[in-house]
Amino acid sequence: MATSGNFVLPVSETLQPLAENSIPFYRFNLLSRFSELEHIVFTRQGGVSLPPFASLNVSYDTGDETWRVRENLHRIRNATDCSSFIYARQSHSSNLVVLSQYPHFDPRVNYPLHGKDGFFSHLPGLLMMIKVADCQAIVLYDPTKKVAGIIHAGWRGSVKNIVGKAIQLMVAQYNSKPSDIIAGVGPSLGPCCSEFRNWQEGLPAKFSRFQVASNHFDFWAITQLQLIEAGVMRENIEISGLCTKCHPEVFYSYRGEGKTGRFAVAIGIKD
Ligand SMILES: [Zn+2]
């Protein structure tokens, strides 16, 4: 365990535990090299929500009080060096959005976007956030083209290869070279806890090589392979290695808790 101020966070091989203004968070080692880039893996600590959502819940769809979620989102943005903010009601789709203009949305509306599971932008100051509790938030950065992206990948996203589509989009839209792209896979269900009882119906046959025990699959390894198949270099992929269900004091876990919150992972070019 590593101590960040008053917080005790589990140690990851790749994530650095940090804290600022009473909000603990992590950063990926590979992405911390780029001073122009903001990226933060938040935890469930440092917010105002009460159990079972305690405390930094960023989802309006969990049953939490709206004002608490709004305050938590305010804290998230204030913890970063970005002045603009975008997130969506996610839908386990492979719908990706290129943000080439700063979004304007009614602050009384809970979600600026609906049905989107990935964002990409080159715009300085635009923080892009994904909400998770067991699913993977995957951050992407092309330091040559100065383009950042983030996607949400649960098992449905893995089946749809949303991460491969994300790399293809960066190539098509920004002329990125896959070998330049750095990827970070956030805390999510590890092979220890990724039980999938109906795998014969739900998962493609090619995932069987990632079956680590009866009904258990290594979705971290699946994401790594999908990134490599899309042209990302193995040494440019950082997997946090932290399982959400194994660390309920630090992360929300839908599998572990059922009624619970969602924690935030965010990326963007600094203002
Ligand atoms: Zn686990």
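Things worth noting here:
- Scanning region 216-235 turns up no residue that is modelled with pLDDT under 95 and surrounded by fewer than 22 Cβ atoms within 10 Å (Cβ to Cβ).
- Residue among SER188, SER194, SER208, SER176 that alone is within 16 Å of the ligand (Cβ to nearest atom) and without any contact (Cβ under 8 Å) to a residue 40 or more places away in the chain: SER194
- Within region 21-51, the only residue that satisfies the criterion of being part of a strand (DSSP E or B), over 21 Å from VAL69 (Cβ atoms) and either more than 15 Å from the chain's Cα centre (by Cα) or modelled with pLDDT under 85 (or both) is LEU37.
- Residue identified as on the phi > 0 side of the Ramachandran plot, more than 16 Å from the ligand (Cβ to nearest atom) and of a type outside the set (Asp, Glu) among GLY231, GLY241, GLY202: GLY231
- Complete set of residues in region 44-72 that are touching a Leu at 6+ places or on another chain (Cβ under 7 Å), of a type outside the set (A, V, I, L, M) and buried (at least 24 other Cβ atoms within 10 Å of the Cβ): ARG44, GLY47, ASN72
- For region 203-239, taking the residues that are of a type outside the set (D, E, K, R) and assigned to a strand (DSSP E or B), the one that is farthest from the chain's Cα centre (by Cα) is identified as ALA213.
- Taken residue by residue, region 118-139 has at least one member that is basic (Lys, Arg) and either within 14 Å of the chain's Cα centre (by Cα) or surrounded by fewer than 16 Cβ atoms within 10 Å (Cβ to Cβ) (or both).
- Scanning region 157-179 for residues that are over 21 Å from SER100 (Cα atoms) and surrounded by fewer than 18 Cβ atoms within 10 Å (Cβ to Cβ) turns up VAL159, LYS160, SER179.
- Against the test of being touching a residue at least 60 places away in the same chain (Cβ under 8 Å), within 15 Å of VAL163 (Cα to Cα) and in contact with a strand residue (DSSP E or B) (Cβ under 7 Å, 6 or more places away or on another chain), the options ILE239, ILE222, ILE267 yield a single qualifying residue, ILE239.
- Long-range neighbours under 9 Å by Cβ, at least six apart or interchain, first residue on the phi > 0 side of the Ramachandran plot within region 25-47, second assigned to a loop (DSSP other than H, G, I, E, B): GLY46/ASN21; GLY46/SER22; GLY46/SER55; GLY46/LEU56; GLY46/ALA79
The values are calculated or read from the model by the stated rules, or taken from the named source; none is laboratory data. All figures in this text were calculated on a predicted structure; none of them were measured in a lab. Here Cβ is always computed from backbone atoms with ideal geometry, including for glycine, and neighbour counts include all displayed protein chains.
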